[in-house]
Amino acid sequence: MKLDRLCQSLLLTSAIAILIPSPAQGEEVETEIRQAKQNISQLSEIELPPTNARMLVQTPTNPSTLQGDIIPIMGVKANPTEKGVEVILETAAGDKLQITNRSEDNNFVADVSGGQLRLPNGDAFTFKSEKPIEGITEITVTNIDVNTVRVTVVGEKALPAVELFDDDMGLIFAVASTATSAQTPETPTEEQPATEKPEEQRAAQQDDPIELVVTGERDSYRVPNASTATRTDTPLRDIPQSIQVVPQEVLRDRNAQTVFEAVETVSGVLDGSNNYGAPGGTNIIRGFISFDSGSLRNGFRDYDYYSVSSIGTIEQVEVLKGPASVLFSAQEPGGVINTVTKKPLSTPYYNVAFQAGNYGFYQPSIDLSGPLTTDGNALYRLITSHRGTGSYIDFVNSNTTTIAPSITLKFGERTDLNLSYEYVRYFADNPIFEVPLLTDGSLPPRNFYSAYPDLVLSDITTNRIALNLNHEFSENWKLRNNLAIVLNQRTLALALVLWWSIKITVL
């Protein structure tokens, strides 16, 4: 009996000995779990890797140059001197550029950070001069990334001597001839009669022609961005819809005269009908006709069937294929055609042209753009044209007049206002598309006009007023306010000959 009690006491003591430290151990585990939970990063704290293809292939740049704007280098010149040649990088802010130079074998390499080679029209270019002076094989100036220009001087047998100094014209690299820099001290020699004076030799060397090769980037038919599907300037690869863009290069190379001709290269789009030959009408997109809802202008409905438009004011044409009613309200499921108009340019641009063709076609046009103020806060653009043409049908002719001024005002770096007005008038002797049959059942001549001349007229006038206000609150927030007004006036006069022929046969 005592032995049983003793065993029970031992068991109880053992249980107590085991259970007493258990709470302490449980607190330690709970503390470790709590600390582990605190070390887990939140979803918003995780830095996601870049998925944009443009960011993945972008070359790392100097952080100091990212804080300011890229300084454009508008031109490169190579001027011969007595000691060699001077390579001038023409820029108004040469003191803000940073230069890092190094040597590789016989090559002198200088990287200019914070600048870009750009022509006045915004295109990049490359400068190259082969054998400009004795001892120098080649001098090249080219863009290596988005904010760095590389100057390379290749010596023929030795490393060239290059000096850098700043001037009002820009950065100047003075390249000395290898033969001149490697000269040894002259030793006195006996004077010998010379047939040519040293001054004449130096002048002859300066008169030697220097071969300069300047190359520019060719305009491409590829347009990476569009605004029709998202109403923002978005890369096409990021838009899950079928969009085809007809850029300005295609319009210029094909000499398109109307929007119908501009979209002839777009698959699935056909000419529906026009308003008695006027430069406007409807299109058939994927089998659905867009009567008055499928034509947009800068993202707004244009009612192109009743209005007229000029191809001279259009920068590019964007065709969205497929349903778009979520973005543009009531639309046909075939798609929409959005025309993007030309905007004022920050660099001077002047274009005067005249075209002529068969059937009495002629078209003078003027396109002027540039800054109105020295600081570039006010820009303008003026587009005017007059188009006259006849037809293979007698008494049929048309005239289209376009006047389109626009102005852009910049209120600081984050706010800009664009105002535009467009006046288009179409006046024509309307052709009659019905083909009558003569009494003998034959067709009339090809140039036969089946109406009264000067009595079948079409007069359409379209006035467009647009306002666009943009303000950037930050890199992620932007306010955009658009206003578009379209006023149309259409006058149609018809004078036709009506006839009936009834034949009754009695059996």
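Brief remarks on what is shown
- Complete set of residues in the range 347-375 that are surrounded by 13 or more Cβ atoms within 10 Å (Cβ to Cβ) and within 26 Å of residue 467 (Cβ to Cβ): 347, 349, 365, 366, 367, 368, 369, 370, 371, 372
- Inside the range 381-408, residues that are at pLDDT below 95 and either in contact with a Cys (Cβ under 6 Å, 6 or more places away or on another chain) or of a type in the set (A, V, I, L, M, F, W, C) (or both) make up a count of 3.
- Condition check for residue 331 on (1) touching a helix residue (DSSP H, G or I) at 6+ places or on another chain (Cβ under 6 Å); (2) surrounded by fewer than 16 Cβ atoms within 10 Å (Cβ to Cβ); (3) modelled with pLDDT under 80: one failure, at (2).
- Test result for residue 147, loosely packed, with under 12 Cβ neighbours inside 10 Å, within 30 Å of residue 344 (Cα to Cα) and either modelled with pLDDT of 85 or more or under 41 Å from the mean Cα position of the chain (by Cα) (or both): no
- Filtered by the rule that a residue be at pLDDT 80 or above, acidic (Asp, Glu) and loosely packed, with under 13 Cβ neighbours inside 10 Å, the range 428-461 gives a lone residue, 440.
- Sub-8 Å Cβ pairs linking a first residue in the range 468-496 that is under 16 Å from residue 419 (Cα atoms) to a second residue that is of a type outside the set (A, V, I, L, M, F, W, C) and part of a loop (DSSP other than H, G, I, E, B), at least 6 apart or interchain, are 468/298; 471/414; 482/298; 482/299; 484/298; 486/302; 486/303; 486/307, ordered by first then second residue.
- So residue 425, is it modelled with pLDDT of 90 or more, part of a strand (DSSP E or B), out of contact with any Phe, Trp or Tyr (no Cβ under 6 Å at 6 or more places or on another chain) and not hydroxyl-bearing (Ser, Thr, Tyr): yes
- Hey, residue 399 under 30 Å from residue 446 (Cα atoms), surrounded by fewer than 16 Cβ atoms within 10 Å (Cβ to Cβ) and of a type in the set (S, T, N, Q) or not: yes
- Selection status of residue 105, modelled with pLDDT under 80 and under 22 Å from residue 162 (Cβ atoms): yes
- Under the condition of being without any contact (Cβ under 8 Å) to a residue 60 or more places away in the chain and either among the basic types (Lys, Arg) or touching a Leu at 6+ places or on another chain (Cβ under 8 Å) (or both), the residues counted in the range 430-449 number 5.
- Count - residues of the range 224-254 that are modelled with pLDDT of 85 or more and of a type in the set (Lys, Arg): 2
- Checked against the criterion of being over 24 Å from the mean Cα position of the chain (by Cα) and without any contact (Cβ under 8 Å) to a residue 40 or more places away in the chain, the candidates 357, 370, 322 yield just one match: 357.
- Sub-8 Å Cβ pairs linking a first residue in the range 126-146 that is at positive phi to a second residue that is part of a strand (DSSP E or B), at least 6 apart or interchain, are 131/137; 131/138; 135/155, ordered by first then second residue.
- Restricted to the range 65-109, the set of strands (runs of 3 or more DSSP E) holding at least 2 residues that are surrounded by fewer than 19 Cβ atoms within 10 Å (Cβ to Cβ) comprises 75-80, 84-90, 98-104.
- Residue 135 in the same structural domain as residue 79 (by TED's automatic domain parsing) and within 30 Å of residue 369 (Cβ to Cβ): no
- Among the residues of the range 482-507, the ones that are modelled with pLDDT under 80 and hydroxyl-bearing (Ser, Thr, Tyr) come to 2 in all.
- Matching residues in the range 462-481 - criterion: being within 17 Å of residue 297 (Cα to Cα), at pLDDT 90 or above and surrounded by 11 or more Cβ atoms within 10 Å (Cβ to Cβ): 462, 463, 464, 465, 466, 467, 468, 469
- Members of the range 280-297 that are closer than 28 Å to residue 388 by Cβ and modelled with pLDDT of 70 or more: 282, 283, 295, 297
- When 403, 366 are checked against the criterion of being hydrophobic (A, V, I, L, M, F, W, C) and closer than 30 Å to residue 494 by Cα, 403 stands alone in meeting it.
The values are calculated or read from the model by the stated rules, or taken from the named source; none is laboratory data. The shown structure was predicted, so the numbers you read here are calculated from the model rather than taken from an experiment. Quick reminder, even Gly has a Cβ in these numbers, built from the backbone with ideal geometry, and neighbours come from all protein chains shown.
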